[in-house]
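The values are calculated or read from the model by the stated rules, or taken from the named source; none is laboratory data. Worth saying up front: this structure is predicted, and the values here are computed from it rather than measured. Cβ: placed from backbone, ideal geometry, glycine included. Neighbour counts: every protein chain shown.
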Amino acid sequence: MKMWTLRIRTVLWGGIAVALAAVIAVFFRTQGAAMAFSPWADERTLVIDAGHGGFDGGAIGSGGTTEQHINLSVAKRTQALAGFFSIQTAMTRSDENALGYQPGRAIRENKVADIKMREKIVNETPNPVFISIHLNKFEQGKYWGAQVFYSKGNEEGMPLGETVQQCLIDGLNKENHRKAKQAADTIYLMKKLQCPAIIVECGFLSNPEEEQLLQQTEYHKRLAICIVSGYLQHLASTDA
Ligand SMILES: [Zn+2]
């Protein structure tokens, strides 16, 4: 029974992805854009950032789920789907390890080294758009819902964040009334990066139902579809 539900879901989301590709193809044809395979490939690079890694597991759910692995899974699926649309991408990390880790060094020093390397990767990428993937956690288990935070360092952050937020609501749960918000200055990368930059908090590990969803590969695919759809919609609106 469950297998069938899963199969139907896979077919459904596969269908949505194909439909999305068709809509975009038609959009660029009707816009009379040069029909290079990728109209935006040379202009921007989507830097996908899987939060935490290695010594830094991130948030831990009530059922013991660790944030870092889910972030990486969603990030990899986002990259794969973005590649399907010929979006140029870069990953800050593509395995389970933290960046620049040195054994024997204090956790804080390793944390600083990791975050500075992520910053360096973004700054060395031409025309980057930064999307960081994380999970949320709160003391009370009742809070749930994906939410986007955008940096104030670039005026495109807010519209990008709002578009991705809407895609998350439409694609995951229409009862989610969360709005995209400006990230706090205490988040280093959001404060420092000058390119369009957002954090996608994919859901709350502290909410038991959402934790269960966040453990499912199918849900990671849905998250990736929402993120890429939001990014494509944002590109379409800024190129217009
Ligand atoms: Zn996190």
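Quick notes
- Consider region 185-200 and keep the residues that are exposed (fewer than 14 other Cβ atoms within 10 Å of the Cβ) and free of Cβ contacts under 8 Å to residues at least 40 places away in the same chain. The one that is nearest to the ligand (Cβ to nearest atom) is 186.
- Tallying residues that are out of contact with any Ser or Thr (no Cβ under 7 Å at 6 or more places or on another chain) and either of a type outside the set (Phe, Trp, Tyr) or without any contact (Cβ under 8 Å) to a residue 12 or more places away in the chain (or both) within region 201-216 yields 9.
- Checking residue 104 against (1) surrounded by 13 or more Cβ atoms within 10 Å (Cβ to Cβ); (2) away from the ligand (no atom under 16 Å from the Cβ); (3) at pLDDT 55 or above; (4) more than 15 Å from residue 228 (Cα to Cα), the condition it does not meet: (1)
- Within the set 195, 167, the sole residue that is closer than 24 Å to residue 155 by Cβ and in contact with a Cys (Cβ under 6 Å, 6 or more places away or on another chain) turns out to be 167.
- Residue match in region 155-178 (condition: outside any helix (DSSP H, G or I) and in contact with a Gly (Cβ under 6 Å, 6 or more places away or on another chain)): yes
- Meets criteria (outside any loop (DSSP other than H, G, I, E, B) and crowded, with 21+ Cβ neighbours inside 10 Å) for residue 213: no
Yes or no, residue by residue, for (1) closer than 18 Å to residue 87 by Cα; (2) of a type in the set (Asp, Glu); (3) more than 15 Å from the ligand (Cβ to nearest atom):
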site: 121; (1), (2), (3): yes, no, yes
site: 129; (1), (2), (3): yes, no, yes
site: 132; (1), (2), (3): yes, no, no
site: 135; (1), (2), (3): no, no, no
site: 138; (1), (2), (3): no, no, no
site: 143; (1), (2), (3): no, no, yes
site: 151; (1), (2), (3): no, no, yes
site: 154; (1), (2), (3): no, no, yes
site: 162; (1), (2), (3): no, yes, yes
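- Count of region 221-240 residues, restricted to those that are closer than 30 Å to residue 205 by Cβ and surrounded by fewer than 23 Cβ atoms within 10 Å (Cβ to Cβ), is 6.
- For region 107-119, the candidate set comprises residues that are within 13 Å of the ligand (Cβ to nearest atom) and surrounded by 20 or more Cβ atoms within 10 Å (Cβ to Cβ); within that set, the residue that is farthest from residue 76 (Cα to Cα) is 114.
- Condition check for residue 68: within 16 Å of the ligand (Cβ to nearest atom) and surrounded by 13 or more Cβ atoms within 10 Å (Cβ to Cβ): yes
- Any chance residue 78 is polar (S, T, N, Q), modelled with pLDDT under 95 and either under 17 Å from residue 129 (Cβ atoms) or surrounded by fewer than 21 Cβ atoms within 10 Å (Cβ to Cβ) (or both): no
- Any hit, region 39-53, residues being aromatic (Phe, Trp, Tyr), within 24 Å of residue 154 (Cα to Cα) and in a strand (DSSP E or B): no
- Answer residue from region 77-98, given it is in a helix (DSSP H, G or I) and in contact (Cβ under 8 Å) with a residue 24 or more places away in the chain and is nearest to the ligand (Cβ to nearest atom) among those: 78
- Here residue 191 meets each of (1) within 20 Å of residue 121 (Cβ to Cβ); (2) under 16 Å from the mean Cα position of the chain (by Cα); (3) not in a strand (DSSP E or B) with one exception, condition (2).
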